[in-house]
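Down below is the structure, laid out as structure tokens.
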Amino acid sequence: CIGPSRAQESYLKINTIVAAARDTGCQALHPGYGFLAENPELPRVCSEQGIIFIGPPEHCIREMGNKLLARKLVKGFGIPVIPGSEKMRDVKEAADLAQEIGYPVILKAAAGGGGRGIKVIKEPRELATAFEIATAEARAAFGNDVLYLEKYIISARHIEVQILGDSHGNVIHLGERDCSIQRRYQKVVEEAPAPAFPDALRAQIWEAAVAIARRIGYQSAGTVEFVFDKDTQKIYFLEMNTRIQVEHPVTE
């Protein structure tokens, strides 16, 4: 028994999960795709207790789980990221940058996921209210109210590449999925391979996804997500999911 039915008192308690694994003689632990799957503390505690963590190393989860840090790392690898900001200190800084990169823009939570803490701003008068709401949503959902700003690409496709890495530095891709059909920033329909997508661009995102995973020393399954701007025919890194995803069978 790992505790009551409320997740905060059972499945989200790292020490309880690891103690259960240790007490049952478990040699390896797989985190699944929810609860603690992207919490870097879980692989750290597993390592301390001599349990193999079936997933990426702690530093990969920590670095790629913070969207601001991920943007900075990937940009340093020479892979394009969507024009935008570092951490936004206040609404004035957001307004100045939005004016610089041009509306529409999108506010995002640095620790975000699942479509929460995201606001699209089409014109300057919407910014102050959106900033306040996004900050509150991020604080409530993630316990972290840090926001950043990106250019909002209107004519966009959301395409992601599934990768696999081993403990010897080898990384492969398993092709891409088109996840452009969404509702409230949640994927509704996914298709593999991405339809009506030029082969040269397909090869480009495969190469970029593998390069990112290899540079950070990634192991296990993961997904690197990109935005394709149909107007400019440019591809930008969006984020990385350092876990198995429910949609992996679409590609596999």
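The values are calculated or read from the model by the stated rules, or taken from the named source; none is laboratory data. Everything quoted here is computed from the prediction, not taken from an experiment. Neighbour counts are summed over all protein chains in view; Cβ atoms, including those assigned to glycine, are modelled from backbone coordinates with ideal geometry. Side chains included, ligands, DNA and RNA excluded: accessible areas come from the protein's heavy atoms. Shrake-Rupley method; radii C 1.70, N 1.55, O 1.52, S 1.80 Å.
Tally up the residues in segment 135-175 that are within 20 Å of Pro57 (Cα to Cα), part of a strand (DSSP E or B) and touching a residue at least 40 places away in the same chain (Cβ under 8 Å), please. Of the residues in segment 135-175, 6 are within 20 Å of Pro57 (Cα to Cα), part of a strand (DSSP E or B) and touching a residue at least 40 places away in the same chain (Cβ under 8 Å).
Applying the criterion of being open to solvent by 50 Å² or more (accessible area, probe 1.4 Å) and part of a loop (DSSP other than H, G, I, E, B) to the residues of segment 46-67, the residue that is farthest from Ile2 (Cα to Cα) is Asn66.
Would you mind stating whether Ala70 is touching a residue at least 40 places away in the same chain (Cβ under 8 Å), open to solvent by less than 80 Å² (accessible area, probe 1.4 Å), in a helix (DSSP H, G or I) and in contact with a Phe, Trp or Tyr (Cβ under 9 Å, 6 or more places away or on another chain)? So Ala70 fits the description; yes.
Does Gln219 qualify as being within 24 Å of Ala37 (Cα to Cα), at pLDDT below 95, open to solvent by 10 Å² or more (accessible area, probe 1.4 Å) and of a type outside the set (Asp, Glu)? It is false that Gln219 is within 24 Å of Ala37 (Cα to Cα), at pLDDT below 95, open to solvent by 10 Å² or more (accessible area, probe 1.4 Å) and of a type outside the set (Asp, Glu).
Taken together, the residues in segment 103-138 that are at pLDDT 85 or above and either of a type in the set (Ser, Thr, Tyr) or open to solvent by 20 Å² or more (accessible area, probe 1.4 Å) (or both) amount to 19. Applying the criterion of being open to solvent by 10 Å² or more (accessible area, probe 1.4 Å) and of a type in the set (Val, Ile, Thr) to the residues of segment 222-252, the residue that is farthest from the chain's Cα centre (by Cα) is Thr232.
Listed here are the residues, each with its yes/no results for (1) open to solvent by less than 60 Å² (accessible area, probe 1.4 Å); (2) modelled with pLDDT of 95 or more.
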| site | (1), (2) |
| --- | --- |
| Val146 | yes, no |
| Val161 | yes, yes |
| Ser167 | no, no |
| Arg177 | yes, yes |
| Ile181 | no, no |
| Leu201 | yes, yes |
| Ile205 | yes, yes |
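Checking the structure you have, find out if any residue of segment 15-22 is assigned to a loop (DSSP other than H, G, I, E, B) and open to solvent by less than 50 Å² (accessible area, probe 1.4 Å). Within segment 15-22, not a single residue is assigned to a loop (DSSP other than H, G, I, E, B) and open to solvent by less than 50 Å² (accessible area, probe 1.4 Å).
The numbered conditions (1) open to solvent by 30 Å² or more (accessible area, probe 1.4 Å); (2) at pLDDT 95 or above are all true for Pro43 except (1).
Got at least one residue in segment 84-98 being part of a loop (DSSP other than H, G, I, E, B), open to solvent by less than 20 Å² (accessible area, probe 1.4 Å), more than 20 Å from Leu29 (Cβ to Cβ) and touching a residue at least 60 places away in the same chain (Cβ under 8 Å)? Within segment 84-98, one or more residues are part of a loop (DSSP other than H, G, I, E, B), open to solvent by less than 20 Å² (accessible area, probe 1.4 Å), more than 20 Å from Leu29 (Cβ to Cβ) and touching a residue at least 60 places away in the same chain (Cβ under 8 Å).
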